[in-house]
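Chemist: I have a structure here, written as structure tokens, and I will follow up with some questions on it.
The values are calculated or read from the model by the stated rules, or taken from the named source; none is laboratory data. The structure presented is a predicted model; accordingly, all values stated were derived computationally and were not measured. Neighbour counts are summed over all protein chains in view; Cβ atoms, including those assigned to glycine, are modelled from backbone coordinates with ideal geometry. Surface areas here come from the heavy atoms of the whole protein model, side chains and all, with no ligands, DNA or RNA. Shrake-Rupley method; radii C 1.70, N 1.55, O 1.52, S 1.80 Å.
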Amino acid sequence: MKDLLGIKVLITAGPTREPIDAVRYLSNYSSGKMGYALASVAAQRGAEVVLISGPVALDPPQGIKLISVVTARDMLKAVEENFSEVDIALCSAAVADYRPLQTSDRKLKKESDREALTTITLVENPDILATIGAQKVGGQLVIGFAAETEDLIENAQKKLRAKHADLIVANEVGQGKAFGTDDDEVVLVSQNDISRLPKLPKMKVAEAIFDKAMQLRSSLN
Ligand code: CTP
């Protein structure tokens, strides 16, 4: 089914890395599997896909444009350069919420740089989903993800409103769930609807997300 023919899709995926010095960084356990599954499904269904990815150990799907980035700020820049052209943006990246205020181009030494290594001041990174949620114009759909350990639906609804998203894919995490696994049990939360999906392989979850996106798109137009 080529129901995404003529549609441009932007996807953020994977973790970001926030440098401390020449050899150290802050990051998280995101595997990028969900974002790469979304890119693969969108391409199969005929979309033109731009995948903006942090560092992951995955091969990009065939027939898409991959933009590789490292930090949250690089990711935001790549997203902003492409967002005005796209119909659907999906922010599945696990963006590091904070980055070290100071970074060193050389390797900090355990002894002589003890102070710098034991007192790393963090500053907040830009929120990519909220940035494009605020910029979107009629007809553009913005989809976010929420990984929560508690109050799944309420927190997803809060994120939907706060970040001006059209849909939040809410995922319960903790106790071995979600990060790095091949299956997900998600809830699709939009302004007027809550749909609980059974536990499914990430490719099937990606299919369901695009089904929902196309339904939301037809109600926008
Ligand atoms: N996100 C983003 N840029 C950030 C942080 C998050 O684009 N700097 C996006 C993620 O890609 C995801 C959504 O926002 O689509 C939810 O991210 P999450 O980390 O769950 O939410 P936060 O807003 O960071 O809130 P909290 O950590 O309190 O849950």
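Chemist: May I ask you to list the residues in segment 134-147 that are open to solvent by less than 10 Å² (accessible area, probe 1.4 Å) and either within 16 Å of Ala72 (Cβ to Cβ) or at pLDDT below 95 (or both)?
Modeler: Hit for segment 134-147 is Gly144, nothing else.
Chemist: Evaluate segment 25-39: report whether one residue or more is assigned to a strand (DSSP E or B), touching a Lys or Arg at 6+ places or on another chain (Cβ under 7 Å) and hydroxyl-bearing (Ser, Thr, Tyr).
Modeler: Yes, because at least one residue in segment 25-39 is assigned to a strand (DSSP E or B), touching a Lys or Arg at 6+ places or on another chain (Cβ under 7 Å) and hydroxyl-bearing (Ser, Thr, Tyr).
Chemist: Now a separate question. Taking the condition away from the ligand (no atom under 13 Å from the Cβ) and either open to solvent by 60 Å² or more (accessible area, probe 1.4 Å) or more than 17 Å from the chain's Cα centre (by Cα) (or both), does Lys199 pass?
Modeler: Here the answer is yes, as Lys199 does meet what is asked.
Chemist: Can you tell me which residue in segment 51-92 is nearest to Gly32 (Cα to Cα), limited to those that are of a type in the set (Gly, Ala, Ser) and open to solvent by 60 Å² or more (accessible area, probe 1.4 Å)?
Modeler: Ala57
Chemist: So is Lys212 of a type outside the set (S, T, N, Q), surrounded by 14 or more Cβ atoms within 10 Å (Cβ to Cβ) and free of Cβ contacts under 8 Å to residues at least 12 places away in the same chain or not?
Modeler: no
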